[in-house]
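Here's the structure, in structure tokens; my notes come after.
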Amino acid sequence: MTSLIHRSQFPLLAAAPELVYLDSAATSQKPRAVLDAVRDFYENDYANPHRGAYELSVRATTRYHAARERVASFLGVRDADCVIFTRGTTEALNLVAGAWGRANVNAGDEVVVTGAEHHANFVPWQQLALERGARFRICEIESDGTVDLDRLRALLSPRTKVVAFAHVSNVLGTIAPVREMAELAHRVGALAVCDGAQGAPHLRVRFDEMGVDVYAASGHKMLGPMGIGVLAARRELLERMPPFLMGGDMIEFVEDDHSTWNVLPHKFEAGTPNAAGAVGLAAAVDVLEGVGMDAVRAHEHALVASAYDRLSAIDGVHIHGPGADARGGVLSFTVGDVHPHDLATILDTRHVCIRAGHHCAQPLMRRLGVSATARASFYVYNDASDVDALAGGIVAAKELFGSVAV
Ligand code: PLP
């Protein structure tokens, strides 16, 4: 199995042929096209968008707006003004919990998340519930890491105001039944919030058809620059929601005793935006659509299925989560009593980069009964040799540690 996009397109990978990069769920490598787009913006069209009447600032504004249109079409959002640029998924989810949550969640209400959430989609809701006197409820996941719709249904009531869940788990790789979960949330009048940090980079997202009210994603996990992300949300929701950050650009009029707000998307983009990041993200989605998101999914599925088989065959390896067909390109595992950090360190001596730790999902680690796992995650530049290197590294680590208690 060859890579979907050759590593020669990624300057860092091209310069380090020995490197086996299996940590794309944390952040992806950047193709030359993205680096070139960012550089081109700074070299040719750089000024503060929306600020100046001069031609250069108009050019910067035009590129920033074009980036929004491009990212909106990639995510299947017809109304591009409903795509808000943020620093990433964390900021997007905090925006919704902070702005919508404070205005709509009250004492006695309930806020529901799943037991598999990343802290970015757990802590803001937990803290909102604590602040508002609401009840924070956790939908437990099944032993294979999936969400059972009956269990979720039983947890919801007319008091439920929010159901927040990941499109794809960053630890287990589980792909959520997004449409069905959103429908259950809507049946009780709750907001359906989808954390797409691990969804948008790997699966075809059609926001307008998915049924969720909110979808958040991070550019750096989908070939784009760090420090840029998106919040896509329904127009009525954004219009009714108070602003989150206050300052330049997001106002209409500022009187001495009150202010009024700008139209979408500006109402939620206070201050100087990360226009270069947005331009880079637009170039990233061009690259992804160049190969097609169905091909991205098929490629990752083939890699993860092969890795799943190879790792399962190694004595002492335990893979957490569902089978390869029900997951994205993420594989979390433990190897007997070898600590995941030791495993990652040994793999690093063989130039294999994997993540080890709690993956910003301590509640999930407790449910799995472990303090940490090792995680390999695949993307468009990986190929069969990377799976070989991973499996070979694990076998070598086992030999180094001697007998492994299972
Ligand atoms: N949600 C999930 C599922 C993630 O995997 C991550 C990052 O790993 C985040 C949220 C947070 O993303 P960011 O750090 O880009 O804001």
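Is it true that Thr334 is of a type outside the set (Phe, Trp, Tyr) and either farther than 16 Å from Tyr21 by Cβ or within 16 Å of the ligand (Cβ to nearest atom) (or both)?
Yes; evaluated as a whole, the condition is true for this residue.
Among the candidates Ala276, Ala217, single out the residue that is of a type in the set (A, V, I, L, M), away from the ligand (no atom under 15 Å from the Cβ), open to solvent by less than 30 Å² (accessible area, probe 1.4 Å) and closer than 30 Å to Arg32 by Cα. Don't jump to the end; show me each part of the working.
Details: Ala217 fails: away from the ligand (no atom under 15 Å from the Cβ).
Being of a type in the set (A, V, I, L, M), away from the ligand (no atom under 15 Å from the Cβ), open to solvent by less than 30 Å² (accessible area, probe 1.4 Å) and closer than 30 Å to Arg32 by Cα holds for just one of Ala276, Ala217, which is Ala276.
Taking Asp249, is it in contact with an Asp or Glu (Cβ under 9 Å, 6 or more places away or on another chain), within 16 Å of the ligand (Cβ to nearest atom) and either of a type in the set (D, E, K, R) or open to solvent by 20 Å² or more (accessible area, probe 1.4 Å) (or both)? Taking the combined requirement at face value, the residue does not satisfy it. Those residues that are out of contact with any His (no Cβ under 9 Å at 6 or more places or on another chain) and either of a type in the set (S, T, N, Q) or within 13 Å of Val205 (Cβ to Cβ) (or both), I need them from region 79-93; list them, please. Matches in region 79-93: Val83, Thr86. If I filter region 237-258 for residues that are under 14 Å from Arg87 (Cα atoms) and assigned to a helix (DSSP H, G or I), do I get at least one hit? Checking region 237-258: not a single residue is under 14 Å from Arg87 (Cα atoms) and assigned to a helix (DSSP H, G or I). Against the test of being closer than 22 Å to Met293 by Cβ, within 16 Å of the ligand (Cβ to nearest atom) and in contact (Cβ under 8 Å) with a residue 24 or more places away in the chain, the options Gly145, Gly173 yield a single qualifying residue, Gly173.
Scanning region 222-243 for residues that are open to solvent by less than 30 Å² (accessible area, probe 1.4 Å) and within 16 Å of the ligand (Cβ to nearest atom) yields Met222, Leu223, Gly224, Pro225, Ile228, Gly229, Val230, Leu231, Ala232.
Yes/no matrix, rows are residues, columns are (1) open to solvent by 30 Å² or more (accessible area, probe 1.4 Å); (2) in contact with a Leu (Cβ under 6 Å, 6 or more places away or on another chain):
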residue: Phe10; (1), (2): no, no
residue: Ala16; (1), (2): no, no
residue: Leu35; (1), (2): yes, no
residue: Arg51; (1), (2): yes, no
residue: Ser57; (1), (2): no, no
residue: Ala67; (1), (2): no, no
residue: Thr86; (1), (2): no, yes
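On inspection, Val77 fails the criterion of being over 20 Å from the mean Cα position of the chain (by Cα), more than 20 Å from Asn262 (Cα to Cα), away from the ligand (no atom under 16 Å from the Cβ) and surrounded by 23 or more Cβ atoms within 10 Å (Cβ to Cβ). If you check Glu183, Glu209 for being in contact (Cβ under 8 Å) with a residue 60 or more places away in the chain, open to solvent by 10 Å² or more (accessible area, probe 1.4 Å) and not hydrophobic (A, V, I, L, M, F, W, C), only one passes: Glu209. Residues that are of a type outside the set (D, E, K, R), surrounded by 20 or more Cβ atoms within 10 Å (Cβ to Cβ) and part of a loop (DSSP other than H, G, I, E, B) within region 37-49 comprise just one, Pro49.
Could you say whether any residue in region 295-316 is among the aliphatic types (A, V, I, L, M) and not in a helix (DSSP H, G or I)?
Within region 295-316, one or more residues are among the aliphatic types (A, V, I, L, M) and not in a helix (DSSP H, G or I).
Restricting the first member to region 315-330 and to residues that are touching a residue at least 40 places away in the same chain (Cβ under 8 Å), and the second to residues that are among the charged types (D, E, K, R) and exposed (fewer than 15 other Cβ atoms within 10 Å of the Cβ), the beta-carbon pairs closer than 7 Å and six or more apart or on different chains are Gly321/Asp144; Pro322/Asp144. Screening Lys30 on (1) more than 16 Å from the ligand (Cβ to nearest atom); (2) part of a loop (DSSP other than H, G, I, E, B); (3) among the charged types (D, E, K, R); (4) under 30 Å from Ala384 (Cα atoms) shows it passes everything except condition (1).
Yes or no: region 191-209 includes at least one residue that is among the aromatic types (Phe, Trp, Tyr), on the phi < 0 side of the Ramachandran plot, within 13 Å of the ligand (Cβ to nearest atom) and outside any loop (DSSP other than H, G, I, E, B). Checked region 191-209: no residue is among the aromatic types (Phe, Trp, Tyr), on the phi < 0 side of the Ramachandran plot, within 13 Å of the ligand (Cβ to nearest atom) and outside any loop (DSSP other than H, G, I, E, B).
Pairs meeting the criteria (first residue in region 109-133 and touching a residue at least 60 places away in the same chain (Cβ under 8 Å), second residue assigned to a loop (DSSP other than H, G, I, E, B) and more than 16 Å from the ligand (Cβ to nearest atom), beta carbons under 7 Å, at least 6 apart or on different chains) are Val112/Leu156; Gly115/Glu140.
Checked against (1) touching a strand residue (DSSP E or B) at 6+ places or on another chain (Cβ under 9 Å); (2) open to solvent by less than 20 Å² (accessible area, probe 1.4 Å); (3) in a helix (DSSP H, G or I), Pro322 passes all but condition (3). Evaluating Pro177 against the criteria (1) surrounded by fewer than 21 Cβ atoms within 10 Å (Cβ to Cβ); (2) closer than 30 Å to Asp109 by Cα; (3) more than 18 Å from the chain's Cα centre (by Cα) leaves one unmet condition, (3).
Could you pull out the residue among Val178, Val123 that is over 20 Å from Leu203 (Cα atoms) and within 16 Å of the ligand (Cβ to nearest atom)? Spell out how you get there, then give the answer.
Details: Val178 fails: over 20 Å from Leu203 (Cα atoms).
Exactly one of Val178, Val123 is over 20 Å from Leu203 (Cα atoms) and within 16 Å of the ligand (Cβ to nearest atom), namely Val123.
This table checks each residue for (1) open to solvent by 10 Å² or more (accessible area, probe 1.4 Å); (2) of a type in the set (D, E, K, R).
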site: Glu110; (1), (2): yes, yes
site: Gly115; (1), (2): no, no
site: Pro124; (1), (2): yes, no
site: Glu131; (1), (2): yes, yes
site: Leu149; (1), (2): yes, no
site: Leu172; (1), (2): no, no
site: Leu203; (1), (2): yes, no
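The values are calculated or read from the model by the stated rules, or taken from the named source; none is laboratory data. Quantities reported herein were computed from a predicted structural model and do not represent experimental measurements. Reconstructed Cβ throughout: ideal geometry from the backbone, glycine too, with neighbour counts over all protein chains shown. For accessibility, only protein heavy atoms count, side chains too; no ligands or nucleic acids. Shrake-Rupley method; radii C 1.70, N 1.55, O 1.52, S 1.80 Å.
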